[in-house]
1. What ranking do 291-303, 266-278, 230-242 get when scored by the average of other Cβ atoms within 10 Å per residue, highest first?
2. How far apart, in nanometres, would the label points at Y433 and L180 be if each is projected 7 angstrom from Cα along the Cα-to-Cβ direction?
3. If the chain between A357 and I407 were fully stretched, how many nm would it gain, using 0.36 nm times the residue separation less the Cα-Cα distance?
4. My understanding is that a pair violates if its Cα-Cα distance is over 19 Å; which of K266/K390; K134/K404; K134/K390; K274/K398 do that in this structure?
5. Sorted from fewest to most neighbouring beta carbons within 10 Å, what does the list H347, H304 look like?
6. What distance in nm separates the two pseudo spin-label positions at T126 and F387, each 7 Å out from Cα along the beta-carbon direction?
Amino acid sequence: MLGIILFGIVLMMLLVGFPVAFTLGGVSTLYGLATFGTQFFEFLPLRIWGVSTNILLIAVPLFVYMGVMLESSGLAEELLETMALILGRLRGGLALSVVVVGAMLAASTGIVGATVVTMGLLSLPTMLKRGYSKPLSTGTIAASGTLGQIIPPSIVLVLLGSVLNVPVGDLFVGAVIPGLLLVVLYIIWIYLRAWWRPDLAPPMPPEELADFRGTQMWLRVLRAFVAPFFLILAVLGSIFAGIASPTEAAAVGAAGATLLTLSQRKLNMQTLMKVMKETTFLTCMVFVILVGASAFGLAFRGLHGDRFLADLVSHAELGPNAFLFIFLVVIFIAGFFIDFIEITFIHVPIAAPIFAAMGVDLLWVGILIGINLQTSFLTPPFGFALFYLKGVAPPEVKTTDIYKGIIPFVIIQLIALGLVITFPEMVTCLPEYLTRDVPVTELRCWGTDPVSAWIQGLFN
């Protein structure tokens, strides 16, 4: 019960508004000192040293650097403008282009704040000028910007791999199909909405499209897409092919983003200083929280709080599915109030041993948590994507417009979460296929559901 009281104190102080890192580390250290005495300090440095020397976590500053540097290159602007012209003749073409570019930026940066701000500055004024609905415009931009939470290379997946003790490369591969599923569901919703209500998302004027489809069209498309494509290929391709570890691929991505910025003639001392400062700030924030979470984990497990929860679950006779459902509901509700990093370092380490004892696939659980945490960026009152977008939106866009706009996309994310729960092979089959030299139909990941049988029949 002392461990549960510690958890309650930390959660209460976070909800009141105390800084995350200092709440986790400070409360846990004082609590550990009060219950274990000075012996607590014999173990705490070893725990922090173990976290600080984890080579896997070197990927975090490298991926942050890659995202911030790519934002400074100006490639996002060129991507958005070109994709908008390609899809401009369709109803909702501008919104569809935002989704596609959001997915590409997610696969090449993984930084939600940078993506939302960039697309908000570039596409929101254009969408409003073209007569797009404010809720549809803001909802599309905010939701597309959060795709970096689940589409690799995702910093969330790197942190989850560290907490769950699951290879980050497997998490990256397992997230590919769920990430693409979200993109497809977004596109279907926007297209159907624009088809049902054309006034909410009109097509672009024919004269603008005619200018674009001249002799320079293919040259502009190649210039806009080739550089990001090669960066994505260098980072994700090297991981999926087994050539590089996620940490090594992050270094490749950081170097590639620097070269792309140089090729765009945007690399100078001012840009470099800005990128370095932002990378240092974000990295320090993550690692200070991680150190605080280590102190919390040491105190909580030292007080047998994890054993108490495991006994509670076993005495309640909850099966794996029931416990998974309760856990996902808890972190979904927590996402309304606290940040995804806090959830990753507070809630997940408590539940991970219970899932492992129940024999649940932690790779599958990690992807489910990643999709669930993505909603924390969109759910008011503390959805960070909503704050980012409101900060760069024109004055006529109200907070209520943004809140109305994200409701359908939160529902879509929950639908996607339900599909991945129902069909775990969407997560588990691709990593197994890349690591086992057997035919697709002989993979162990297939379920007994009709969809699995139908897919196996296609390969037969």
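Only the coordinates and a few stated rules stand behind these numbers; no lab work does. As the structure is a prediction and not an experimental result, all values here were calculated from the model. For neighbour counting, all protein chains shown are included, and Cβ atoms are generated from backbone atoms with ideal geometry for every residue, glycine included.
1. So the order, starting with the most tightly packed, is 291-303, 230-242, 266-278.
2. For Y433 paired with L180, the spin-label model returns 0.8 nm.
3. Extra length available between A357 and I407 comes to 14.4 nm.
4. Those over the limit are K266/K390; K274/K398.
5. H304, H347
6. 2.8
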